Amino acid sequence: MAEDGYDLWLRYPAAEPAAAEVIAAHARELVADDASPTLAAARAELTRALTSFTGKPPAVVGSPTQSGALILGTARSPLIAGLELPLGRAGEEGYLIRSASVDGRAVTVIAANSDRGVLYGTFHYLRLLQTRQPLDGLDIASQPRTRIRVLDHWDNLDRHVERGYAGESIWDWHKLPGWLEPRYTDYARACASVGINGSVLTNVNANATSLTPAYLEKAAALAGVFRPYGVRVYLTARFSAPIELGGLKTADPLDPAVRAWWKAKIDEIYRYIPDFGGLLVKANSEGQPGPQDYHRTHADGANMLAEPLAAHGGIVMWRAFVYSSDNTEDRAKQAYSEFVPLDGKFADNVLVQVKNGPIDFQPREPFSPLFGAMPKTPLMMEFQLTKEYLGFATHLVYLGTLFEEALAADTMVAGKGSTVARVVDGELHGYKLTGMAGVANIGTDRNWSGSDFNQANWYAFGRLAWDPFAGARGIAEEWVRMTFSDDASVVKPIVDMMMGSREAAVDYMTPLGLAHLMGTGHHYGPAPWVSDLKRPEWNPTYYHRAAADGIGFERGPHGTGAVLQYSAPVAARYGSVKTTPENLLLWFHHLPWDYRMKSGDTLWNELVRHYDHGVAVVSQMRSTWAALQGRVDAGRFEQVSAFLAIQEQEAQWWRDACVAYFQSLSKRPLPAGAAAPAHPLEYYQALKFPYAPGQAR
Ligand code: GCU
């Protein structure tokens with residue numbers, strides 16, 4: 001059957017007879033009440049999946065009448081209470097999945113302390129079924145390691161998605177609240193299936209209109225759909241809303257009238273959405289208003305909102321993505337310079353949201369030096385799932401490995417092993433509030449994410465927010481088995497391809513620690529030559545600093561000193577050319593074209609080789625996929641094939657344009673075996689893409 005990707009990883013295809021029998025034998029009966037909308041959702045999901053797997057709905061009973069019952073619920077259910085399970089291991093949101101026995105009958109129990117835990121446990125159990133895991137002798141306990149696991153939608157009220165490559169915003173604001181698209185429910189199901197418990201509906205470049213009563217009513221309608229799935233609604237706050245909506249003269253966070261306005265507004269939001277999650281704020285960054293407009297600090301701004309939110313159990317997520325037009329400091333240093341002095345000054349219900357790297361979601365960056373440097377302020381991770389700098393919708397780039405690399409990075413702030421994951425999960429500094437945000441890659445495209453493989457990034461984000469120590473490979477494997485096929489000879493090549501895909505993109509776009517070479521504004525394709533934009537740090541030349549003498553940004557102690565923002569051992573490692581990992585070399589150092597790399601070859605030759613290697617890997621990916629024809633449904637097979645062809649072409653374009661440009665500066669011949677770019681440099685420089693998608697409006 002042709003598939004269009006709408007069902008994501010929740011496809012539940014009919015199982016082959018032997019597997020169907022095993023599944024049926026473990027779910028002959030379902031003991032599951034529907035006392036709450038969340039429990040009803042869990043039961044409905046199980047019923048839907050089991051029916052689809054086995055061809056027959058399970059019997060719903062009050063207590064097991066035979067072996068092979070599936071029991072779900074909380075300790076409120078006497079049957080579960082009677083089993084005396086160690087529910088402490090499930091925590092507030094987690095669950096236990098156990099093989100047990102009731103009156104001598106073999107049963108499987110999905111138990112939790114909350115209804116949401118039951119729902120999460122249900123999805124875990126379904127994952128076991130989907131990936132054909134053994135169903136006997138189960139003793140699973142799982143609980144999330146972060147509390148706030150949110151998707152950030154950069155969606156505007158006119159449905160344009162900033163950096164969106166999957167159609168329009170799925171929020172049809174105009175028809176809300178009257179029309180609730182079924183897609184909203186499927187969105188919430190998908191989020192819950194990977195443990196995502198929040199959705200920031202609106203763009204960080206915020207529009208105050210989203211806080212007006214008409215729009216709060218619309219947001220409340222979405223909250224109503226999401227609620228059974230444990231997904232809370234959050235909104236972005238435009239800092240100047242008191243002026244724009246309230247008619248005040250100022251938005252100064254210490255002004256009593258401004259504070260009163262926000263308090264009233266927040267109280268009003270909770271009248272519409274009693275379980276509203278809180279506000280996400282981008283302030284004093286890229287032209288957004290903020291507290292610094294009034295000579296106040298980020299903490300003053302965040303705390304003003306935090307106080308009235310705290311009264312309702314809400315939080316503030318205050319973004320650390322800041323750099324300012326009148327600051328000549330290395331852009332990579334600015335967030336640290338602004339935020340570290342504020343450590344300990346934020347209210348308890350504020351999280352500072354930090355992008356994984358110091359600049360901006362590049363194919364590769366070192367970890368942000370803020371991680372580990374703010375022990376008294378909960379820092380939440382911000383990843384970007386929409387691939388603004390990684391080939392948009394058409395490039396197959398699995399981000400699980402990027403996320404894993406960022407989380408495994410060692411800050412060394414409290415000795416070896418002080419990983420970013422341990423900062424983010426709160427353990428290292430004892431944060432009470434913890435979280436992870438993923439900038440969503442979701443839109444109205446039938447397959448949600450603009451490509452089938454982009455769905456894996458949504459999936460991987462959720463799984464890693466739940467457990468930042470989970471491995472990217474295991475997650476990819478799960479996803480492939482649920483999304484494409486459970487056949488090992490299909491799974492292995494696809495997973496291998498995914499695992500190498502991000503490094504390939506790094507190679508054909510920005511190898512050896514280069515960054516931000518993308519086209520102006522839209523970020524589509526290569527433009528390393530651009531040097532005429534108003535702000536220095538908008539220009540690719542600012543980042544690569546290539547010239548006759550060499551290439552790279554010197555951030556060592558004798559350069560901008562950015563390395564000194566890291567703990568001493570990390571600063572020493574990145575500060576010295578010899579110990580800087582080669583995959584970050586040009587991020588931290590400016591080096592001559594003839595610098596000798598570990599391979600013994602010159603930097604120039606290695607640079608070209610990396611570009612070539614990136615293209616070669618994509619060609620390899622194409623053949624891998626081509627060999628799967630007939631093993632994957634035709635609809636998705638065709639689109640992935642077409643996208644891989646686009647990716648190969650664009651990888652070649654990236655390689656040729658960058659090699660042509662850098663060669664114009666290095667004045668070195670290409671290494672042996674490397675082909676000359678297909679066109680002269682001027683050809684690439686003349687390409688224009690005024691309608692490339694996703695641009696900021
Ligand atoms: C990037 C992106 C912008 C976005 C910004 C942010 O710079 O290009 O569109 O607004 O990040 O994270 O705030």
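Matching residues to (1) more than 28 Å from the chain's Cα centre (by Cα); (2) closer than 23 Å to Glu382 by Cβ:
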| residue | (1), (2) |
| --- | --- |
| Asp252 | yes, no |
| Ala260 | yes, no |
| Ala264 | yes, no |
| Glu268 | yes, no |
| Pro274 | no, no |
| Leu280 | no, yes |
| Asn284 | no, yes |
| Gly290 | no, yes |
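Gly673 meets all of the listed conditions (1) touching a helix residue (DSSP H, G or I) at 6+ places or on another chain (Cβ under 9 Å); (2) on the phi < 0 side of the Ramachandran plot but one, namely (2). Counting the residues of the range 129-142 that are part of a helix (DSSP H, G or I) and free of Cβ contacts under 8 Å to residues at least 12 places away in the same chain gives 0.
Determine whether Leu176 is modelled with pLDDT of 95 or more and open to solvent by less than 10 Å² (accessible area, probe 1.4 Å). In short, yes. All of (1) within 27 Å of Thr624 (Cα to Cα); (2) of a type in the set (Gly, Ala, Ser); (3) assigned to a loop (DSSP other than H, G, I, E, B) hold for Ala672 with one exception: (1). Look through the range 116-145, keep the residues that are hydroxyl-bearing (Ser, Thr, Tyr) and surrounded by fewer than 24 Cβ atoms within 10 Å (Cβ to Cβ), and return whichever of them is farthest from the ligand (Cβ to nearest atom). Ranking the qualifying residues of the range 116-145, first place goes to Thr131.
In the range 34-62, of all residues being surrounded by fewer than 20 Cβ atoms within 10 Å (Cβ to Cβ) and in contact with a helix residue (DSSP H, G or I) (Cβ under 6 Å, 6 or more places away or on another chain), the one that is nearest to Gly195 (Cα to Cα) corresponds to Pro37. Taking each residue of the range 204-216 that is touching a residue at least 40 places away in the same chain (Cβ under 8 Å) and within 13 Å of the ligand (Cβ to nearest atom) and looking for partners that are part of a loop (DSSP other than H, G, I, E, B) and of a type in the set (D, E, K, R) with beta-carbon atoms closer than 6 Å, six or more apart or interchain, yields Val204/Lys282; Ala206/Arg238. Considering only the range 328-336, I want to know if a residue exists there that is away from the ligand (no atom under 16 Å from the Cβ), in a helix (DSSP H, G or I) and not hydroxyl-bearing (Ser, Thr, Tyr). The answer is yes; a qualifying residue exists. The set of residues in the range 675-697 being away from the ligand (no atom under 16 Å from the Cβ), part of a loop (DSSP other than H, G, I, E, B) and either in contact (Cβ under 8 Å) with a residue 24 or more places away in the chain or aliphatic (A, V, I, L, M) (or both) consists of Ala675, Ala676, Ala678, Leu687.
Just one of (1) free of Cβ contacts under 8 Å to residues at least 40 places away in the same chain; (2) over 27 Å from the mean Cα position of the chain (by Cα); (3) over 26 Å from Tyr543 (Cα atoms); (4) surrounded by 14 or more Cβ atoms within 10 Å (Cβ to Cβ) fails for Leu628. It is (1).
Of all the residues that make up the range 248-286, how many are part of a loop (DSSP other than H, G, I, E, B), open to solvent by 10 Å² or more (accessible area, probe 1.4 Å) and either of a type in the set (Phe, Trp, Tyr) or more than 16 Å from the ligand (Cβ to nearest atom) (or both)? Number satisfying all stated conditions: 8. Between Phe339, Phe321, the distinction of being of a type outside the set (S, T, N, Q), surrounded by fewer than 23 Cβ atoms within 10 Å (Cβ to Cβ) and either within 16 Å of the ligand (Cβ to nearest atom) or at pLDDT below 95 (or both) belongs to Phe321 only.
Number of residues in the range 362-388 that are within 12 Å of the ligand (Cβ to nearest atom) and surrounded by fewer than 24 Cβ atoms within 10 Å (Cβ to Cβ) equals 2.
The values are calculated or read from the model by the stated rules, or taken from the named source; none is laboratory data. It should be emphasised that the depicted structure is a prediction, and the values quoted were computed from it without experimental measurement. In this analysis, Cβ positions are derived from the backbone assuming ideal geometry, glycine residues included, and neighbour counts consider all displayed protein chains. Surface accessibility is based on the protein's heavy atoms, side chains included, excluding ligands, DNA and RNA. Shrake-Rupley method; radii C 1.70, N 1.55, O 1.52, S 1.80 Å.
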